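Participant: Dropping a structure here in structure tokens format, bear with me for questions.
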Amino acid sequence: MRQHPISPVTEPTQYRAIGVVRGQYVPADAEQLTRGVIRTADGSEIEAVVLGRLLTLMRRHLDLAEPHLWVVYPRTREESHLHLQMVGVWEPSTLAQVDPASAPDTASAALSRPTPAASTPAASAPEVDSPEVSAPDVSGAEVSGADTRLDALPEGDDYFSVRGELIYTRPETGDLVIKVRQQPRADGSRPVPFKLQLKGEIPLQHLRHFVSLDLRRQGQQLTLEALEVLEPVAQRGNRGGKGGGKGGGQGRRSAPGAEKGGAAAGGGRPRPPESGPSRPPAHGKAVSRPGR
């Protein structure tokens, strides 16, 4: 039995974005618990949606008037605006243990499932990225005489683990953007990768590298605490583009208009050839002429 809601990685370059937030969940509608906010001790109200069987667990076994340690997937659709997908609750002191083998791993961005005593990720709302995965039923999971020390995590509250490609870094302002890829869904479709806007200083030489980040939530932002740079991320070459042959730098792309006969890298319209007649539009095509 694993004593942590975030499972260890199984691959060196395994993508994921997952964390825990302690707070009181306040639904926007008392009759529909799927949308609302998490009110934290620092006064933040973080927009959130509830996924999968966590909804059943909340209705049957959790007192929503009290704060809980929620297992969440982070999204940052706007700068300084955090959005959370709630997929579980970490509370072994009040919930019975669930056999981890009975719940499959999530397929979304290689995200770890929360186990035990937590609902695993399940069917998402239409606008979110997580695919459908099943979760164990925790009906009747309440136990008495539990030890609340089981709820504490070594990383503390508001800890997040993000692993992905560093696609933007500006050390002077502390702005970061990480691209997180997701595994194909059960139907074979490939979800679009999503980007997380984070805060922290990472040198420019690590751009386009796969990184593993330990972050802490501060208000509506996730701030870098620890960094591990793993390896460069292979970039796709130009498909059918010019300048991709021999002599070109690996991983580099030509500036628009910089091909032979084109404008300088600074822009502008392409220049015509310096000598020689221009070719007619039909040059190289067979043209039939009527006989005289």
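The values are calculated or read from the model by the stated rules, or taken from the named source; none is laboratory data. This is a predicted model, so every value here is computed, not measured. When we count neighbours, we look across all protein chains shown, and the Cβ atoms used for this are built from the backbone with ideal geometry, even at glycine.
Participant: Restricting to segment 157-175, count the residues that are in contact (Cβ under 8 Å) with a residue 12 or more places away in the chain, in a loop (DSSP other than H, G, I, E, B) and either of a type in the set (Val, Ile, Thr) or on the phi > 0 side of the Ramachandran plot (or both).
Facilitator: Just the residues of segment 157-175 that are in contact (Cβ under 8 Å) with a residue 12 or more places away in the chain, to begin with: 157-169, 171, 174-175.
Still in the list and also in a loop (DSSP other than H, G, I, E, B): 157-158, 171, 174.
From the residues that got through so far, the ones that are either of a type in the set (Val, Ile, Thr) or on the phi > 0 side of the Ramachandran plot (or both) too are 158, 174.
Of the residues in that region, 2 qualify.
Participant: Which one is modelled with the highest pLDDT, of the residues in segment 1-30 that are in a strand (DSSP E or B), charged (D, E, K, R) and surrounded by fewer than 20 Cβ atoms within 10 Å (Cβ to Cβ)? Even if it seems obvious, please write down each step before you answer.
Facilitator: Kept after step one, since they are in a strand (DSSP E or B), are these residues of segment 1-30: 16-29.
Subset that is charged (D, E, K, R): 16, 22, 29.
Filter once more, so that each one left must be surrounded by fewer than 20 Cβ atoms within 10 Å (Cβ to Cβ): 22, 29.
Values: 22: 95, 29: 89.
Once the filter is applied, the top-ranked residue is 22.
Participant: Restricting to segment 7-19, count the residues that are more than 15 Å from the chain's Cα centre (by Cα) and within 16 Å of residue 87 (Cβ to Cβ).
Facilitator: The number of residues fulfilling the criteria is 1.
Participant: Tell me, please, whether a residue that is hydrophobic (A, V, I, L, M, F, W, C), buried (at least 16 other Cβ atoms within 10 Å of the Cβ), in contact with a His (Cβ under 8 Å, 6 or more places away or on another chain) and closer than 24 Å to residue 222 by Cβ can be found in segment 31-46.
Facilitator: Let us first name the residues in segment 31-46 that are hydrophobic (A, V, I, L, M, F, W, C), namely 33, 37-38, 41, 46.
This time we only want the ones that are buried (at least 16 other Cβ atoms within 10 Å of the Cβ), so: 33, 37-38, 46.
After this cut, where a residue has to be in contact with a His (Cβ under 8 Å, 6 or more places away or on another chain) as well, the list is 46.
Now narrow it down to the ones that are closer than 24 Å to residue 222 by Cβ: 46.
Yes, because at least one residue in segment 31-46 is hydrophobic (A, V, I, L, M, F, W, C), buried (at least 16 other Cβ atoms within 10 Å of the Cβ), in contact with a His (Cβ under 8 Å, 6 or more places away or on another chain) and closer than 24 Å to residue 222 by Cβ.
So that you can scan it fast, the table gives a plain yes or no per residue for (1) at pLDDT 95 or above; (2) outside any strand (DSSP E or B):
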residue	(1), (2)
177	yes, no
182	no, yes
187	no, yes
192	no, yes
196	yes, no
201	yes, yes
205	yes, yes
211	yes, no
216	yes, no
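Participant: Identify all residues within segment 31-45 that are of a type in the set (D, E, K, R) and in a strand (DSSP E or B); write none if there are none.
Facilitator: Kept after step one, since they are of a type in the set (D, E, K, R), are these residues of segment 31-45: 31, 35, 39, 42, 45.
Listed by number, the residues that qualify are 35, 39, 45.
Participant: Okay, next question. So, of the residues in segment 46-61 that are assigned to a helix (DSSP H, G or I) and of a type in the set (A, V, I, L, M, F, W, C), which turns out to be nearest to residue 88 (Cα to Cα)?
Facilitator: By that ranking, first place goes to 54.
Participant: A further question follows. Working carefully through the options 137, 158, find the one that is within 26 Å of residue 53 (Cβ to Cβ), among the charged types (D, E, K, R) and modelled with pLDDT under 85.
Facilitator: 137
Participant: Name the pairs whose Cβ atoms lie under 6 Å apart, with the first residue in segment 66-77 and without any contact (Cβ under 8 Å) to a residue 40 or more places away in the chain, the second surrounded by fewer than 22 Cβ atoms within 10 Å (Cβ to Cβ), and 6 or more positions between them or separate chains?
Facilitator: Pairs found: 77/83.
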